[in-house]
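Asker: Let me begin by handing over the structure; questions about it come next.
Throughout, read-outs are computed from the coordinates displayed, never taken from laboratory work. Since this is a predicted model, take the numbers as computed values, not measurements. All Cβ positions, even for glycine, are placed from backbone atoms using ideal geometry, and neighbour counts span all protein chains on display.
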Amino acid sequence: MSVDMRTYLGHVELANPIVTAAGCAGSGAELAQFFDLGRIGALTTRSITMAPRAGRPTPRMTETPSGLLNGVGLQGPGVDAFLTRELPWLAQRNIRTVVSIGGGTVAEYAALARRLNDAPGVTALEVNLSCPNIEDRGRVFARDGAASAEVIAAVRAVMRYDVPVVAKLSPDTADIVSVARACATSGADALSMINNPLGMSIDTETMLPALAAGTGGLSGPAIRPLAVRCVWQVRAALPDVPIIGMGGVLTGRDAFELILAGACVVAVGTALFHDPSSCLRILRELEEIVAARGYQRLADVIGLAHRPPGATARHRTDFEESSL
Amino acid sequence: MLTTRQVDAYHALTVVAPRIAEGFRPGHFLGVAVGGPHTSMLTRRAFFIHDVKPDYGGTVEFVFAVDGPGTAWLAGRRARDTLDLVGPLGRPFPLPRDPVTCVMVGDEYGSAMLFTVADALQRRGCRVDFVLGGASADRVFGAMRARRMAETTTLTTEDGSLGMRGRVTDVLPGVIADVRADVVYASGPMETLRRATAVAVEFDIPIQVAVEERMACGIGVCMTCVLPVIGDDGVTRMVRACVEGPVFRGERVRFDDVGTIPFDALGAPGGGSRNVS
């Protein structure tokens, strides 16, 4: 029995809910040698910045238990090179592309959105709010609902109406629900969570921080419970806003967990470093799990864990009584 | 997996991997998942391919030193265990069209990847000389094989337990002068590559280096293994050792700036192009 895996990001239909997470798929070409990128829901680019960025010094990455700590610093080619080289490459192959953008000021985000506005091949725009706000002493936008809302409103105002704007949220905030609500109110068509929480590791041989940047973003299965909690809370508060869930998804079971918490799309990130072709495996495993639970449509299981305890899940054909 | 053997201070694993063996070119590496199916170690370990043989449809051998829980796990694997490999990865060595004289410089287990290069060079009629070294005798890899295949082999150890006392780069100028070398191929720790490049520049001959930069994915998506390299246009970029390398022209690598973002690198913080909209 095949499962209808189609899902929606705002009004945009994706063939299936598995996408790559921002900054984990290179420019796309690197992964294309391992699997057909057209078979996943969408590819998310690294966060595109206005100018080229060299990123942070090395070491940039260290392994932690069931996790990775990274301080790459948004190394990237800048929007000009992205528009002339990377996006056309993806567009020519009809690969659904979520473009992630990062900026230091509200104006920079808006300028990026303006540059991407007429570019063919942009399926959705994901706004990486975990960037330091130059105008606020380097505090990241995502910490604060008002700062996040300002960015989202500016981007939404500029971006053409048929491209959904997705706000990427960080768990490093006092109340992720209030940031989520502020973003949704100011025009975000969808929310994605979670960006890497900040962590730190110290090399006990050199007795210095393991990363050149000192602190870094933690990813991998170590943060999955944090991701499930954030998706759960935001889904409970804002049941009508589509959520891209991410955080340590290694298997179809992990993706299913985020879907049960309320995500309609699931992004795979760190798993790609371990297994470059993991997206298709996760998609297959997810489909098998959904089918094994007796469902024919992915849409029927999204947020299913929110049903009251004891309530039978609707649409379950195997124990649904006949209406006759 | 076929065999595992201990070679002095190092471990060598031979794995049946026909597709990797088939696509192999000298200089390629592979990414090995460690810790088994439910591992908590998420990054692959990258190792240069030491040897490729046609047995069993194609085998590859790689050499490593135990320096952490991942490599310790790998050292505990036995024949008939399965390993999760990705490869061949990276850009291989460019080989000269003409029969020239080549000096192969290998430090520690970096030597392991030079033998397939030397084979390929000899097949093209090149003269090959080896300079191998390590901290002590048990850390010099492949001395026997080098002696069998090369015109001359010079060994160095820092403690003097084998060959000349010192580093490979201490004897390199003499070897280059003696054999009238046309090109140098080097593999080993970054410091060795830096010194070897300085020597080659002194003699005004080209040098190809295979860098050992810490990697996480090995396929070009994680942006971990970057180092500053000068491009054809004279611009320094932070390039990935795993896909733009691991083989570079030595004089293009800014060894003194490895571990930093040089101020004049493309996209460096505070650089002229930042925040221009």
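Asker: With springs connecting C-alpha atoms under 10 Å apart, model chain A as a Gaussian network and identify which of A:G245, A:G38, A:G76 has the largest mean-square fluctuation.
Answerer: Largest GNM mean-square fluctuation: A:G38.
Asker: Taking R0 as 41 Å, what's the FRET efficiency between B:S161 and B:R123 from their Cβ-Cβ distance, rounded to 0.05?
Answerer: That gives a FRET efficiency of 0.75.
Asker: OK, next. Could you check the simple spin-label distance between A:E13 and B:D170, using points 7 Å along Cα→Cβ, in nm with one decimal?
Answerer: 7.3
Asker: Now, a different point. Given 5 Å bins starting at zero, what is the percent of C-alpha pairs of the range A:1-99 in each, up to the one with the largest pair distance?
Answerer: 3, 11, 19, 20, 18, 15, 9, 4, 1, 0, 0
Asker: For the residue pair A:T215 and B:R252, what label-to-label distance in nm results when each label sits 7 Å from Cα along the Cα-to-beta-carbon direction?
Answerer: Result for the modelled spin labels: 3.8 nm.
Asker: Right, next: Just to confirm a number: summing +1 for Lys and Arg and -1 for Asp and Glu over residues other than B:S187 whose beta-carbon lies under 12 angstrom from that of B:S187, what do you get?
Answerer: Summing Lys/Arg as +1 and Asp/Glu as -1 gives -3.
Asker: Running a GNM on chain A with Cα contacts under 10 Å, which residue among A:V151, A:V122, A:V266 ends up with the highest mean-square fluctuation?
Answerer: Highest fluctuation of the listed residues: A:V122.
Asker: Now for a different question. Two decimals is fine: what's Rg over Rh for chain B, C-alpha atoms, Kirkwood radius as Rh?
Answerer: 0.97
Asker: Could you tell me whether the protein assembly as shown comes out rounded, prolate or oblate from its Cα gyration tensor? Rule is a ≥ b ≥ c as square roots of the eigenvalues, rounded for a/c under 1.5, then prolate if a/b exceeds b/c, otherwise oblate.
Answerer: In terms of gyration-tensor shape, prolate.
Asker: Work out, step by step, the length gained on full extension between A:A146 and A:A91: first 0.36 nm times the residue separation, then minus their alpha carbon distance; give nm to one decimal.
Answerer: Full extension from A:A146 to A:A91 adds 16.4 nm.
Asker: Between B:A177 and A:A299, what is the label-to-label distance in nm when each label sits 7 Å out along the Cα-to-Cβ direction?
Answerer: 8.1
Asker: Please give the helix A:278-292 orientation as an angle from the longest Cα principal axis of chain A, in degrees from 0 to 90, rounded to the nearest 10.
Answerer: Rounded to the nearest ten degrees, it is 20.
Asker: Which longest uninterrupted range of chain A lacks any GluC sites (Glu not before Pro) assigned by DSSP to a loop state (not H, G, I, E or B) and surrounded by at most 12 other Cβ atoms within 10 Å?
Answerer: Answer - A:1-204.
Asker: Which residue fluctuates the most in chain B, going by a Gaussian network model with Cα springs under 10 Å, if the choices are B:A118, B:A79, B:A150?
Answerer: Between B:A118, B:A79, B:A150, it is B:A79 that shows the largest mean-square fluctuation.
Asker: Per-residue ellipticity at 222 nm for chain B, helices alone: DSSP H runs ≥ 4 residues times -39500 (n - 2.57), over residue total, nearest 500 deg cm²/dmol?
Answerer: Rounded to the nearest 500, the figure is -6000 deg cm²/dmol.
Asker: Amide H neighbours of A:I18 under 5 Å, at least 5 residues apart or on other chains, H built in the peptide plane: list them.
Answerer: A:G41, A:V266
Asker: From other protein chains only, count the Cβ atoms within 10 Å of every residue's Cβ in A:60-70, then give the mean.
Answerer: So the per-residue partner count for this stretch is 5.
Asker: Binning at 20 angstrom from zero up to the longest distance, how are the C-alpha pair distances of chain A distributed in percent?
Answerer: Percent of pairs per bin, in order: 33, 58, 8, 0.
Asker: On to the next question. Provide a whole-number value for the mean count of partner chain Cβ atoms within 10 Å of the Cβ atoms in peptide B:223-230.
Answerer: Per residue, the number of nearby Cβ atoms from other chains is 5 on average.
Asker: Radius of gyration and Dmax for the range B:215-270's Cα atoms, expressed in Å?
Answerer: Cα-based Rg and Dmax for the range B:215-270 come out at 10.8, 30 Å.
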